[in-house]
Amino acid sequence: MSATPHQPKVTEREARQVAEAAREQDWRKPSFAKELFLGRFRLDLIHPHPMPADEDAQRGEEFLAKLRDFCETKIDSARIEREARIPDETVNGLKELGALGMKIDTKYGGLGLTQVYYNKALTLVGSASPALGALLSAHQSIGVPQPLKLFGTQEQKDTYLPRCARTDISAFLLTEPDVGSDPARLATTAVPDGDDYVLDGVKLWTTNGVVADLLVVMARVPKSEGHKGGITAFVVEAGSEGVTVENRNAFMGLRGLENGVTRFHRVRVPAANRIGPEGAGLKIALTTLNTGRLSLPAMCVGAGKWCLKIAREWSAAREQWGKPVAFHEAVGAKISFIAATTFALEAVVDLSSQMADENRNDIRIEAALAKLYGSEMGWLMADELVQIRGGRGFETAESLAARGERAVPAEQILRDLRINRIFEGSTEIMHLLIAREAVDAHLSVAGDLIDSDKSLSDKAKAGANAGVFYAKWLPKLVAGQGQIPGAYGEFRREVDLSPHLRYVERGARKLARSTFYAMSRWQGRMETKQGFLGRIVDIGAELFAMSAACVRAELLRKEGDHGREAYQLADAFCRQSRIRVEELFGRLWSNTDDLDRKVVKGVLSGTYAWLEEGVVDPSGEGPWIADATPGAAKRENVHRPIR
C-alpha cells in the first residue's frame, strides 16, 4: 500500500536502521539465553535457582491472600463476558486494594511488589478474568509507571506515580492504523511550539485507552534547529483538549477489554511531559518491554493451571467404553501435555522474573522467549482442553448452565488466549527480534563482511576479525559436558533429569553450529530466511524451558515441596520437548521454504485466483486500512474514565 500524504515514506533499509538504532547495543551483564544460542550452556547462571528476599516474599504473599479473596468474591467473570465490560465497582475495588500500584515503589503509594509477585498476581487475576489481567498488565507493564520508573525525571515520578498507584489508569499508545511492528513509518507528530509540543495523529488498539486517565504516546518530532527530532515518548493527560476516543473496539476474545481508537488534534503537551530526550522513544518502548513482556506468559501460566484443573475433573467424571476418558491414551496424552507444559511454563516465568528482580543478568532474550513460548503453548493447552471436553468445549458456559450443566468457559479461554500470540509483538516479530539478538555476536564480528555497502578494505578488516573470533569459538562447539555420562549428577534422583541437561548442552552446541553454517551459507541474505530463523529461536525456547523445568524441580525437591512429583513433571516435559526439538532441527534444512515463496508469488500475482471460485465473501465494504489523516475528530468522544 502506498504511503498516504502524512505517512513517512520509508525504504526497507531505513526501516531496519530505525529498529536497529532502538536496540540496546551492549551486553553489560551475562545472559543465560544469549549464551545458549552461542553454544554455551551456562547452568551456573540459573542454578541454584535464585530466590526472593524474605521480606519481599512476605509482602507478596500477604497481598496475594487479599487478592485471592477479592477474585473469589468480587469478580464476576460471567458478567464481564456477558456485558462485554468490566463493572466500574470491580475496577474501583482493585484500586482500593492497591492493585494499580503493584510494581510502584511504596514511597509513591504503591505496593512495591517484586516482578515475581507481580506476575503471580497477574496469574491469579487473569484466571478470574483475562480482561482484568489485561487491564492491570497494560497499566503497569507498558503504561505510564514502567517507562517513568526507568527513564522519568524525579519531578515526573513525583507527579504521576502516586496517581498511577491508586486512582489513575494508564495506557501505552504506539500502534497506528497503518503502523504495526514497523515504527519507522510512525505518522503521529509532535511539533515543538515554545515550551510545548503539539500532537496530531491517530492511534489504534489502545488497550485501556477508552478508560485511561494518563497516556504514554509515541510521536515523531520533526528535526529542526535546537531539536534532534525522532520518535519520542510523552505523558499525555487523556482529558486534554483535542484528545478523542473515537471508537471502542470489539474482539473475538477479551470482551471486557477497554481498547479503542484515539485521535490527537492540536493537543498541547508541555515539554516537561517528555520522557527522556527526543528520539529516544523506541528505545524507551523496547526497554520497558524487556520485563513488561513477562506479564503475558504469567497469565498463560494461569490459563494452563485452569485448563489442567478442568481436564482433571472432567476426564475423571466422563466415562466412555467402561472407563474414565482420562485413561484412554488419546485423551491421556493431552492431559499429560497440559500438566507438563504448565509446570515448565511456570518454571520459565518464575525463573525469568526472579532474574529480573536480582538484576544480575540481562534478561531481554529470556523475557522475549517467555512471551513467545508462553503465548504459543498457552493457546495449544486451551485448544487441547476444548478437544478433551468435546462438544461441551465448543458450547458456551451460558448455554451449558441453561441446560443444567456446569458453566465451564472452555471456548472463552480459547478466544481470550488467542490475542497473546499477537499482543506486544506477534510470534513472527518475536522470532525476528530474538533471532537478531541470538546472532548479535556473529554480526558484531562479521557485519561489515556481509554488508554490500561496505568497501573492500572494510570487508578485509571484518574478515580478519571474524577469523580470530571463529578460530577461538568454533573448536568449543565440538565437545562439552553433554558428552560426559556423569555430568549434572546433582539432578539424578529417583527420576533422573541429568540426561535432559546433557541433551540441552549438546543441543546448544548444535544450535550454534547450525547458526554458523547458515551465516556462512547465506551471509547478507540471512535476514530474509525468516523460516530458518524462526526454527532456530523455537529450538532455543525449548532448550530454555527444559533448563528452567529441571532447575525448578530441583528447587522444589530441596524445599521439600512436591519435589518427587516435580521431577516427574520435569521429566515428562523434557521428553516431550526433545521430540519437538529433534523435529525442529530436521526442519532447519528439510523444509518447503523455497517452494512456499514461489507459491506466495503465484497467489499475489493471481495465478491461483481460480482456486477462490465457488464461494461468496461475506465481508463488508470499506478500505483495508482506515484513513488516519490528522485533523479534528468527526465522531463522538467515547472516553469513559472510571471514578
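The values are calculated or read from the model by the stated rules, or taken from the named source; none is laboratory data. Fair warning: this is a prediction, and the values are worked out from it, not measured in the lab. All Cβ positions, even for glycine, are placed from backbone atoms using ideal geometry, and neighbour counts span all protein chains on display. Surface areas here come from the heavy atoms of the whole protein model, side chains and all, with no ligands, DNA or RNA. Shrake-Rupley method; radii C 1.70, N 1.55, O 1.52, S 1.80 Å.
Going through segment 223-332, which chymotrypsin sites (Phe, Trp or Tyr not before Pro) have at most 12 other Cβ atoms within 10 Å and a DSSP loop state? Mind showing how you got there, number by number?
Details: sites: F234, F251, F264, W306, W314, W321, F327; in loops: F251, W321.
For chymotrypsin sites (Phe, Trp or Tyr not before Pro) across segment 223-332 that sit outside H, G, I, E and B with at most 12 neighbouring Cβ atoms in 10 Å, the list reads W321.
How much area per residue is accessible in the chain when the probe is 1.4 Å and only protein heavy atoms are counted (Å²)? All intermediate terms of the calculation are to be shown ahead of the outcome.
Details: 29150 Å² over 643 residues.
Per-residue value: 45 Å².
Less than 11 Å Cβ to Cβ from D178, Lys/Arg counted +1 and Asp/Glu -1: what total charge do the surrounding residues give?
Details: positive: R185; negative: E176, D182, D627.
Computed value for this residue: -2.
Taking R0 as 56 Å, what's the FRET efficiency between E83 and R360 from their Cβ-Cβ distance, rounded to 0.05?
Details: r = 46 Å, r/R0 = 0.82.
Calculated transfer efficiency: 0.75.
How high is the FRET efficiency between H227 and E155 when r is their beta carbon distance and R₀ equals 30 Å, given to the nearest 0.05? Don't skip to the end; give the middle numbers.
On the way: r = 21 Å, r/R0 = 0.71.
Efficiency, rounded to the nearest 0.05: 0.90.
Just how many % of Cα pairs in segment 489-580 lie over 15 Å apart, if you round to the nearest whole percent?
That fraction is 62 percent.
Of K29/K510; K157/K371; K103/K157; K305/K510; K29/K461, which pairs sit farther than 22 Å apart, going by alpha carbon to alpha carbon? Spell out each step's value before the answer.
On the way: K29/K510 24 Å; K157/K371 28 Å; K103/K157 13 Å; K305/K510 33 Å; K29/K461 28 Å.
In this structure, K29/K510; K157/K371; K305/K510; K29/K461 lie more than 22 Å apart at Cα.
Can you compute the charge dipole magnitude of the chain about its Cα centre, using +1 on each Lys and Arg Cβ and -1 on each Asp and Glu Cβ, nothing else charged? Give it in debye, rounded to the nearest 20.
On the way: 85 positive and 86 negative charges, 257 e Å.
That gives the chain a dipole magnitude of about 1240 debye.
Quick one: check the C-alpha center-to-center distance for segment 576-603 versus segment 68-111, whole angstrom.
One Cα centre to the other: 44 Å.
Considering amide H positions built from the backbone, and no H for Pro or chain starts, which residues 5 or more places from G230, or on another chain, come under 5 Å of its amide H?
V221, K223
Lys and Arg at +1, Asp and Glu at -1: add these up for the other residues within a Cβ distance under 12 Å of A84 and post the number.
Details: positive: R79, R82, R85, R248, R255; negative: E81, E83, E258.
Overall, the nearby charge balance is +2.
Hey, any idea what Rg/Rh is for the chain, computing Rh the Kirkwood way over Cα pairs?
Values: Rg = 25.3 Å, Rh = 26.3 Å.
In the chain, Rg relative to Rh is 0.96.
Could you check how much of the accessible area of the chain is carbon and sulfur, as a whole percent, using a 1.4 Å probe? Don't skip to the answer; put the middle values down first.
Details: 15590 of 29150 Å².
Heavy-atom surface of the chain belonging to carbon and sulfur, 1.4 Å probe: 53 percent.
How big is Rg to Rh over segment 217-339, alpha-carbon atoms, Rh as the Kirkwood inverse-mean-distance radius?
Values: Rg = 24.6 Å, Rh = 19.4 Å.
Radius of gyration over Kirkwood radius for segment 217-339 works out to 1.27.
Each residue of segment 228-236 in turn: what ³J(HN,Hα) in whole Hz from Karplus with 6.51, -1.76, 1.60 and θ = phi - 60°, glycine and Pro shown as x?
My calculation for segment 228-236 gives 4, x, x, 5, 9, 9, 9, 8, 10 Hz in order.
Could you work out the mean projected area of the convex hull around the alpha carbons of segment 204-263, in square nanometres to one decimal? If you can, show how the numbers build up before the last one.
Details: hull surface 19.5 nm².
Taking a quarter of the hull surface, the average projection is 4.9 nm².
Under the Karplus relation 6.51 cos²θ - 1.76 cosθ + 1.60, θ = phi - 60°, what is the ordered set of whole-Hz ³J(HN,Hα) values for segment 347-362, x standing for Gly and Pro?
Going residue by residue, I get 5, 5, 5, 5, 5, 4, 5, 5, 5, 5, 5, 5, 6, 8, 10, 7 Hz, with x marking Gly and Pro.
So if we plug the beta-carbon distance of R312 and R493 into 1/(1 + (r/R0)^6) with R0 = 25 Å, what FRET efficiency do we get, rounded to 0.05?
Numbers: r = 25 Å, r/R0 = 1.00.
Taking R0 as 25 Å, the efficiency between R312 and R493 is 0.50.
Label-point separation (nm) for S181 and A407, each offset 7 Å from Cα along Cα-to-Cβ?
Here the answer is 3.8 nm between the modelled labels.
Of G304, A570, G279, which is farthest towards the positive pole of the chain's charge dipole, taken about the Cα centre with +1 and -1 on the beta-carbons of Lys, Arg and Asp, Glu respectively?
A570
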